[in-house]
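One structure is given below, encoded as structure tokens.
The values are calculated or read from the model by the stated rules, or taken from the named source; none is laboratory data. Note that the structure is a prediction, hence the values are computed from the model and not measured. Note: ideal-geometry Cβ built from the backbone for every residue, glycine included; neighbour counts use all protein chains shown.
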Amino acid sequence: MRIISGRWRGTALAPVGAGDEAARLRPTSDRVRESLFNLLAHGDHAPLEGARVLDLFAGTGALGLEALSRGAAFAVFVEQGRPALKLLEANLARLRAGDLARVLPRDATRLGANPGEPASLVFLDPPYGRGLGEQAIDAALAGGWIAPGATIVWEEGAMPPPPPGLTLRDRRQYGDTMIFLYKLTGP
């Protein structure tokens, strides 16, 4: 895995290796990330330049780090798995991006109140088919983590039930991976 474009273009990210079965690490492939960021750059979505990013179920941080590389101003990474947190911290150190990011080692479905500015771009990559994405969106909305008009990029294995207040703007399928782009249009 590597950063596809921007100021850190071509930089290799910490290898996941054989992985930890219990960690359920499933990083978004370079090809899918490249396609996703092309959609974000050329679609009717919140601008990437200067964006505040919320990366829920961040894993290695590849999505949020790609956004930072392409001009996002700041990213909050939410991850509770120890193997993933180690990889995320290694990637932040590798890119010297610590001043552009905050890591919250907690459950994405129990965010609590947001102490900072809300995000204009949200990445949501929960374990597939367990309803955790819906819980995380509910927690993020309740805690004030998502700005009005924000773009939410939701990666799942099948279409999730449409959350209230979100409007589906686009969807794409890449093998077993489905990407849904929502806009926060309601409360």
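Scan the stretch 55-66 for residues that are of a type outside the set (Asp, Glu) and touching a helix residue (DSSP H, G or I) at 6+ places or on another chain (Cβ under 8 Å) and jot them down. Working first, answer last.
Within the stretch 55-66, the first condition is being of a type outside the set (Asp, Glu), and the residues that meet it are 56-65.
Matches in the stretch 55-66: 56, 57, 58, 59, 60, 61, 62, 63, 65.
Whether any residue in the stretch 95-108 is out of contact with any helix residue (DSSP H, G or I) (no Cβ under 7 Å at 6 or more places or on another chain), of a type in the set (Gly, Ala, Ser) and either at pLDDT 95 or above or surrounded by 17 or more Cβ atoms within 10 Å (Cβ to Cβ) (or both) is what I want to check. Talk me through it step by step, then tell me what you get.
First pass over the stretch 95-108, keeping only residues out of contact with any helix residue (DSSP H, G or I) (no Cβ under 7 Å at 6 or more places or on another chain): 96, 99, 102, 104, 106-107.
Add one more test, that the residue is of a type in the set (Gly, Ala, Ser), and what stays is none.
No, the conditions are met nowhere in the stretch 95-108.
Pull out all pairs, ordered by first then second residue, where Cβ-Cβ is under 9 Å, the residues are six or more apart or on different chains, the first lies in the stretch 22-41 and is under 15 Å from residue 71 (Cα atoms) and surrounded by fewer than 16 Cβ atoms within 10 Å (Cβ to Cβ), and the second is of a type in the set (Gly, Ala, Ser) and at pLDDT below 70.
Final answer for the pair search is none.
Out of all the residues in the stretch 64-81, which are under 20 Å from residue 143 (Cβ atoms) and crowded, with 22+ Cβ neighbours inside 10 Å?
Passing the criteria: 64, 75, 76, 77, 78, 79.
Please list, ordered by first then second residue, the pairs with beta carbon atoms under 9 Å, 6 or more apart or interchain, first in the stretch 152-180 and within 17 Å of residue 36 (Cβ to Cβ) and among the polar types (S, T, N, Q), second modelled with pLDDT of 85 or more and not in a loop (DSSP other than H, G, I, E, B).
Final answer for the pair search is 173/179; 177/155; 177/156.
Kindly establish whether residue 88 is farther than 24 Å from residue 166 by Cα, free of Cβ contacts under 8 Å to residues at least 60 places away in the same chain, of a type in the set (A, V, I, L, M, F, W, C) and crowded, with 24+ Cβ neighbours inside 10 Å.
On the way: farther than 24 Å from residue 166 by Cα: yes; free of Cβ contacts under 8 Å to residues at least 60 places away in the same chain: yes; of a type in the set (A, V, I, L, M, F, W, C): yes; crowded, with 24+ Cβ neighbours inside 10 Å: yes.
So residue 88 fits the description; yes.
For the stretch 109-123, give me each residue that is over 17 Å from residue 148 (Cβ atoms) and buried (at least 22 other Cβ atoms within 10 Å of the Cβ).
111, 123
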